[in-house]
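Below is one structure; the comments refer to it alone.
We did not get these values from a lab; they are worked out from the coordinates using the rules stated. Note that the structure is predicted; figures quoted are calculated from it, not measured. A quick note on method: Cβ atoms are made from the backbone with ideal geometry, for glycine too, and the neighbour counts reach across all protein chains shown.
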Amino acid sequence: MAEQYPHYIEFRHVYKTFDKPVLVDSNFYVDSGQTVCIIGRSGVGKSVSLGHIMGFLKPDEGRVIVAHEDITDLSEEELNRIRRKVTMVFQSGALFDSLTVAENILFSLELREDYDEANKEDVVEGLLKMVGIPESRDAYPGDLPTGFRRAVAIARALAAEPQCILYDEPTTMVDPIMSDHLTLLMLRLKKELKLTSVVVTHDLDLLHRVADSVVFLSKGRIAFFGPLPELYKSKDPDIQDFLELDRVIRGTTIPEDDPFRKGLGGIANE
């Protein structure tokens, strides 16, 4: 399969229409171990793209490749096999409020074929340590701040030992300290576990730190797909407006001493 579909995830001429066209001739790919960020204004198809990767949605036209397989026409049973490799961290966390943090993680762990009842507590403890919230194991999701719930959702996703994680606005509505914590966690998972990632975000600070490539969606089309430094060189007016709006909202440009500035090729403040 890898020879026929060399990219871990790929959209090939994908079209999707609801009341209006949402995705129009969308083409992009994600290679194994890479992080691709999908950005753009609200309502341009970012979350719809994640829905296609998970198989929750099917394209009107085109093909969707996931885990080196064409999933476009797969049955729900076959898609469940793919979902053991690719999991999603929803913006809401999608946790069970009636279960403790530990029980939420165990729920995902029990879906694994190699689930071992004997060491389940060690696995839960290890996952909570990995995401940096070991003290929250007996808490209920509703009692935790938004950022902590996102960390729990990541721990639950990791329990399934996926090859790829999809993140839907992972740093939205969290405080700066927790946002930095989640960003560093995503980088650590990429480095240590070699996870492939797709990140939908409005947070350009997160984008600067984690993205290998960027997909910019505008008016149903992919206005840009490529390395992050090239995004800032784009002459597309929608892209420049988006970047300028972010600068205005943040009230600042990227500091000269920012460790990630070098990765932008020195063009971020031009």
Revision key, fill the gap. For His208, His52, ascending order of other Cβ atoms within 10 Å (fewest first) is His208, His52
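Could you tell me what percent of the DSSP beta bridges with both partners in segment 70-226 are antiparallel, to the nearest 5?
Numbers: 5 of 14 bridges.
About 35 percent, rounded to the nearest 5.
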Practice item. Quick one: go through segment 125-148 and flag any residue whose amide nitrogen is under 12 Å from the point 7 Å out along the Cα-to-Cβ line of Asp175. Key: 145-148
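Name the chymotrypsin sites (Phe, Trp or Tyr not before Pro) in segment 171-250 that are in a loop by DSSP and that have at most 14 other C-beta atoms within 10 Å, would you?
Working: sites: Phe216, Phe224, Phe225, Tyr232, Phe242; in loops: Tyr232.
Loop-located and lightly packed - none at all.
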Review point. Between rounded, prolate and oblate, where does segment 120-194 land on the alpha carbon gyration tensor, with a ≥ b ≥ c its root eigenvalues, rounded for a/c under 1.5, else prolate if a/b exceeds b/c?
Key: oblate
Check your understanding: From the residues Val123, Tyr167, Ala211, which one has its Cα farthest along the dipole of segment 115-255 in the positive direction, the dipole being from +1 and -1 charges on Cβ of Lys/Arg and Asp/Glu about the Cα centre?
Key -> Ala211
Review point. For segment 31-178, what is the charge dipole size about the Cα centre, in debye to the nearest 20, if Lys and Arg each add +1 at the Cβ and Asp and Glu each add -1 at the Cβ?
Key: 540 debye
**Study point:** Signed unit charges on C-beta, dipole axis of segment 57-173, positive-most listed residue Ile154, Phe107, Val66
**Key:** Ile154
Review point. Efficiency by 1/(1 + (r/R0)^6): what FRET value for Asp143 and Tyr15, r their Cβ-Cβ distance, R0 = 35 Å, to the nearest 0.05?
Key: 0.20
Exercise for review: Run through all the Cα pairs of the chain and give the fraction in each 5 Å bin from 0, expressed as whole percent.
Suggested key: 1, 6, 12, 16, 18, 16, 14, 9, 5, 2, 0, 0
Exercise for review: Give the percent of DSSP beta bridges with both residues in the chain that are antiparallel, rounded to the nearest 5.
Suggested key: 55 percent
Check your understanding: Where does the chain land at 222 nm, in deg cm²/dmol rounded to the nearest 500, when only DSSP H runs of n ≥ 4 count, each adding -39500 (n - 2.57), divided by all residues?
Key -> -10500 deg cm²/dmol
Check your understanding: Listed here are the pairs Lys85/Lys191; Lys85/Lys120; Lys191/Lys235; which of them are more than 24 Å apart at the Cα?
Key -> Lys191/Lys235
